[in-house]
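The values are calculated or read from the model by the stated rules, or taken from the named source; none is laboratory data. Given the structure is predicted, the values throughout are model-derived calculations rather than measurements. Using ideal geometry, Cβ is built from the backbone for each residue, glycine included, and neighbour counts are taken over all protein chains shown.
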Amino acid sequence: MTGSAKQLVAGSKLGPEKMEMTLEKMRTYENWPAVKNVHCDEQVAKEVGFSQPICRAVMFSAAADKMLYSTFGPAVLTGNKLSLKYLKAMLPGDTCVAHGEVKSVTEIPGHINYSIDIWLENQDQEKVASGEAEVSIASA
């Protein structure tokens with residue numbers, strides 16, 4: 001756990017954590033040109049009604065993962081939960097910004113449990129995803 005996580009109480013803010021969405025990253029993730037789909041190929045995206053490829057949700061949820069890792073360190077990588085509802089597509093050139101707010105902190109023997117509201121916005125401050133994280137970190 002990082003030093004900042006030790007200071008968290010209900011109402012504490014996390015983030016912002018920014019990630020740029022680029023066509024190059026999308027294509028690398030999809031293994032383009034071997035794979036052609038709505039997430040990496042302009043022609044396929046246009047065939048199904050999009051003006052350009054759309055980011056796979058896992059790509060922009062990575063901003064939330066990065067924010068949680070920045071706050072809690074490597075302990076956040078195992079045994080924790082992140083649940084997001086995706087509200088709006090993100091496109092190449094968009095910036096995803098992750099935010100969080102601690103809802104509650106519960107101490108039990110050997111662990112501190114955090115319940116966190118999470119939301120992701122684009123560069124225009126439009127919400128593109130929202131949900132929650134449950135993080136349990138071993139206490140000293």
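Quick notes on this one:
- Cβ-Cβ distances below 6 Å connect the following pairs, each with a first residue in region 44-56 that is surrounded by 14 or more Cβ atoms within 10 Å (Cβ to Cβ), a second residue that is of a type in the set (Lys, Arg), and a separation of six or more residues or different chains: 44/36.
- Of the numbered criteria (1) among the hydrophobic types (A, V, I, L, M, F, W, C); (2) touching a Cys at 6+ places or on another chain (Cβ under 9 Å); (3) outside any strand (DSSP E or B), the one residue 96 fails is (3).
- Sole exception among (1) at pLDDT below 95; (2) loosely packed, with under 15 Cβ neighbours inside 10 Å for residue 20, by number: (1)
- Restricting attention to region 25-43 and to residues that are touching a helix residue (DSSP H, G or I) at 6+ places or on another chain (Cβ under 7 Å) and without any contact (Cβ under 8 Å) to a residue 24 or more places away in the chain, the residue that is surrounded by the fewest Cβ atoms within 10 Å (Cβ to Cβ) turns out to be 37.
- Region 120-140 - residue that is in a strand (DSSP E or B) and of a type in the set (S, T, N, Q) and, of those, modelled with the highest pLDDT: 130
- Some residue of region 72-79 being under 22 Å from residue 130 (Cα atoms) and of a type in the set (S, T, N, Q): yes
- Residue within region 72-88 that is of a type in the set (A, V, I, L, M), without any contact (Cβ under 8 Å) to a residue 40 or more places away in the chain, farther than 30 Å from residue 103 by Cβ and part of a helix (DSSP H, G or I) present: no
- The set of residues from region 19-36 being polar (S, T, N, Q) and within 28 Å of residue 125 (Cα to Cα) comprises 22, 28.
- Failed criterion for residue 94 (all others in (1) without any contact (Cβ under 8 Å) to a residue 60 or more places away in the chain; (2) more than 20 Å from residue 136 (Cα to Cα); (3) charged (D, E, K, R) hold): (1)
- All conditions in (1) surrounded by 15 or more Cβ atoms within 10 Å (Cβ to Cβ); (2) outside any helix (DSSP H, G or I); (3) not polar (S, T, N, Q) hold for residue 65, with the sole exception of (2).
- Filtering 37, 80 for residues that are within 30 Å of residue 112 (Cα to Cα) and among the polar types (S, T, N, Q) leaves a single hit, 80.
- Of the residues 138, 75, the single one that is surrounded by fewer than 16 Cβ atoms within 10 Å (Cβ to Cβ), among the hydrophobic types (A, V, I, L, M, F, W, C) and farther than 18 Å from residue 19 by Cβ is 138.
- In region 85-111, residue farthest from residue 12 (Cα to Cα) [restricted to those that are surrounded by 19 or more Cβ atoms within 10 Å (Cβ to Cβ) and of a type in the set (A, V, I, L, M, F, W, C)]: 90
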